[in-house]
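Presented below is the structure to which this report refers.
The values are calculated or read from the model by the stated rules, or taken from the named source; none is laboratory data. All values reported here derive from a predicted model rather than from experimental measurement. Because the Cβ atoms are built from the backbone with ideal geometry, glycine has one as well, and the counts that use them run over all protein chains shown.
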Amino acid sequence: MKILVINAGSSSLKYQLFDMENEQVLAKGNCERIGIDGSAIKHKQLIKGVEFSEQVEMKDHADAMKSVLAALTSSEHGCISSMDEINAVGHRVVHGGANFSESIIATDEIIETIKGLRDFAPLHTDASLMGIKGSTTAMPGKPQVLVFDTAFHQTMAPEAYMYGLSYDMYEEYGIRRYGMHGTSHRFVSGEMIKLLDKPAEDTKIVTCHLGNGSSITAVKGGKVVDTTMGFTPLAGVLMGTRSGDLDPAIVTYIMEKKGYTTSEMNDYMNKKCGFLGIGGHADCRDIESAAKSGDDKAQLVLDMLAYQVTKYIGSYTAAMGGLDAIVFTAGIGENTPSLRKAIADKLAPFGVKIDDEVNAKARVQSNIIKLSTDDSSVKLYLIPTNEELVIARDTARLVADIV
């Protein structure tokens, strides 16, 4: 079975083609600047290691999908003879609200339900819908499976996902904690469960998805207990350009002082704060470099992030009644040894011990790496995330009986 995985942005479309016989990636690429002058496709056929890129007019995501299919079936750099070899398409959908607790095959009714959830994440939802529409237009009749970032977090109890607002805000507008990065947290926690020498239902894990957007999740017995992102991806620890958690009164205070509209305030908190707002750089690599050069504000960013992540790990340990393992994943989590060490050192009073030599070398690689010493009371692991594989697996499972 061959599964095409799609991750659509407003003007981009990333893809990977999987052979589910061995879960091998046959090809991958990205369509860029869709609907904009200079649109192009970058494609890599992984079996032969063939790469190419070219400019091609893509007025919408349907055109992008046609470019993808042309690349995949090309006699020069393709890996399949025709579209017929693709059994189904899996799509990443960021926000499924409380409506979807698992992946599902798309229908017209389900698409309408997703449109009704647009207010929760308008930019992401519109992009996902464009990707789905483009795929169904270019590949009519092929099953389309939707995998939601929020689904894994739907096991949270009401005391974890409810806010202290009047209850009618939840009933009328669905205001509650939803969480994000669920597909990533599901993958790395599942891999960590395999590494622990105990029944899955007895495991207690904190997964740290640290990137330009970051979230920390408590996973007990394979199910989410709590997570840092909330109603939107703005909540939790500070991020590349997002503020993270705030006293809500700060919002109205700044709006009054600066004369910001609601749109301007939302833009400020999402795009001008976090690493960028404090340290002058949105990329953690630039922050690290500046800190090493003696930039106090850049160092403050790293100190704040380590402190906030540690604080969440501690609180989630209490919420789960213990802790077996901590997992670091995503761009920062996988490639920033100094941050991992800072977090581990802060947790030393709880018996957490990191192997400094192993940790220092663990970056820019694709292997699972044990970072803790043998006598550490909590296991520390670097587990590269693979959201695309989760999407491919869910898609294959759901269409197994219909293709």
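Brief remarks on what is shown
- Of the set (1) acidic (Asp, Glu); (2) in contact with a Pro (Cβ under 8 Å, 6 or more places away or on another chain); (3) farther than 20 Å from HIS181 by Cα, all apply to GLU334 but (3).
- Residue match in the stretch 255-276 (condition: at pLDDT below 95 and among the basic types (Lys, Arg)): yes
- Restricting GLY259, GLY236 to residues that are surrounded by 13 or more Cβ atoms within 10 Å (Cβ to Cβ) and among the small types (Gly, Ala, Ser) narrows the list to GLY236.
- Which listed residue, of VAL5, VAL89, VAL93, is in contact with a Leu (Cβ under 7 Å, 6 or more places away or on another chain) and more than 30 Å from TYR173 (Cα to Cα): VAL89
- Residues of the stretch 221-238 that are of a type outside the set (Gly, Ala, Ser) and modelled with pLDDT of 95 or more: LYS223, VAL224, VAL225, ASP226, THR227, THR228, MET229, VAL237, LEU238.
- Residue within the stretch 354-361 that is touching a residue at least 24 places away in the same chain (Cβ under 8 Å), in contact with an Asp or Glu (Cβ under 9 Å, 6 or more places away or on another chain) and not assigned by TED's automatic domain parsing to the domain that holds SER103 present: yes
- Number of the condition not met by LYS2 [criteria: (1) touching a helix residue (DSSP H, G or I) at 6+ places or on another chain (Cβ under 8 Å); (2) surrounded by 15 or more Cβ atoms within 10 Å (Cβ to Cβ); (3) farther than 18 Å from GLU85 by Cα]: (3)
- Only one of GLU32, GLU51, GLU57 that is out of contact with any Lys or Arg (no Cβ under 6 Å at 6 or more places or on another chain) and either without any contact (Cβ under 8 Å) to a residue 12 or more places away in the chain or exposed (fewer than 14 other Cβ atoms within 10 Å of the Cβ) (or both): GLU57
- When GLY134, GLY78 are screened for being in a loop (DSSP other than H, G, I, E, B) and in contact (Cβ under 8 Å) with a residue 24 or more places away in the chain, only GLY78 passes.
- Test: residue in the stretch 86-106 that is part of a helix (DSSP H, G or I) and modelled with pLDDT of 90 or more: no
- Pairs with Cβ under 6 Å, 6+ apart, first in the stretch 272-299 and touching a residue at least 12 places away in the same chain (Cβ under 8 Å), second assigned to a helix (DSSP H, G or I) and of a type in the set (D, E, K, R): ILE278/LYS297; GLY279/LYS297
- Qualifying positions in the stretch 244-258 - without any contact (Cβ under 8 Å) to a residue 12 or more places away in the chain and β-branched (Val, Ile, Thr): ILE250, THR252
- All positions within the stretch 111-160 that are more than 27 Å from LYS271 (Cβ to Cβ), in the same structural domain as GLY97 (by TED's automatic domain parsing) and polar (S, T, N, Q): THR113, SER135, THR136, THR137, GLN144
- Selected residue (only one of THR241, THR227, THR217 is surrounded by fewer than 21 Cβ atoms within 10 Å (Cβ to Cβ) and either in contact with a Pro (Cβ under 8 Å, 6 or more places away or on another chain) or touching a residue at least 12 places away in the same chain (Cβ under 8 Å) (or both)): THR241
- Total residues in the stretch 320-340 satisfying the condition of being surrounded by fewer than 18 Cβ atoms within 10 Å (Cβ to Cβ) and in contact with a helix residue (DSSP H, G or I) (Cβ under 8 Å, 6 or more places away or on another chain): the figure is 1.
- Among the residues of the stretch 175-211, those that are farther than 25 Å from TYR163 by Cα, surrounded by 17 or more Cβ atoms within 10 Å (Cβ to Cβ) and touching a helix residue (DSSP H, G or I) at 6+ places or on another chain (Cβ under 8 Å) comprise PHE187, ILE193, THR203, GLY211.
Results for (1) closer than 20 Å to LYS370 by Cα; (2) part of a loop (DSSP other than H, G, I, E, B); (3) within 15 Å of the chain's Cα centre (by Cα); (4) among the polar types (S, T, N, Q), shown as yes or no for each residue.
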site: GLY179; (1), (2), (3), (4): no, yes, yes, no
site: THR207; (1), (2), (3), (4): yes, no, yes, yes
site: GLY213; (1), (2), (3), (4): no, yes, yes, no
site: ASP226; (1), (2), (3), (4): no, no, no, no
site: GLY230; (1), (2), (3), (4): no, yes, yes, no
site: GLY240; (1), (2), (3), (4): no, yes, yes, no
site: ALA249; (1), (2), (3), (4): no, no, no, no
site: TYR253; (1), (2), (3), (4): no, no, no, no
site: ASN266; (1), (2), (3), (4): no, no, no, yes
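- Residue list for the stretch 35-47, restricted to those being among the small types (Gly, Ala, Ser) and either touching a strand residue (DSSP E or B) at 6+ places or on another chain (Cβ under 9 Å) or buried (at least 16 other Cβ atoms within 10 Å of the Cβ) (or both): GLY38, SER39, ALA40
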